[in-house]
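The block underneath contains the structure these notes are about, expressed in structure tokens.
The values are calculated or read from the model by the stated rules, or taken from the named source; none is laboratory data. Here the structure is a predicted model, which is why all the values come from computation and not from measurement. For neighbour counting, all protein chains shown are included, and Cβ atoms are generated from backbone atoms with ideal geometry for every residue, glycine included.
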Amino acid sequence: MGIFWLHLRPHGTETAAFVYDIEVDAGLRGRGYGQEILSLPFHQHLTTEEARQVAAALAQAVKTAGGAR
């Protein structure tokens, strides 16, 4: 599907998330995957549960993309 480099770091009772790189494979571009990734709440500090939800959403996106090939 591509590259998504995310760093999660504990920050008190929350988790800080930093996106280092996003790249969608050329054959999968134009399907909204990058836009979906950017819509996730990386601009804020996340609770541990919110970080798990983001990870689950990314896993679902990968699973969906794998089925779309």
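Are there any pairs, at least 6 apart or on different chains, whose C-beta atoms fall under 9 Å, with the first in the stretch 4-33 and surrounded by fewer than 12 Cβ atoms within 10 Å (Cβ to Cβ) and the second outside any strand (DSSP E or B) and of a type in the set (Val, Ile, Thr), and if so, which?
These pairs meet every condition: Pro10/Thr48; Thr13/Thr48.
Would you mind stating whether Ala55 is modelled with pLDDT under 80 and surrounded by 12 or more Cβ atoms within 10 Å (Cβ to Cβ)?
Yes.
Could you tell me which residue of the stretch 8-45 is modelled with the highest pLDDT, considering only residues that are in a strand (DSSP E or B) and of a type in the set (Val, Ile, Thr)?
Here the answer is Val24.
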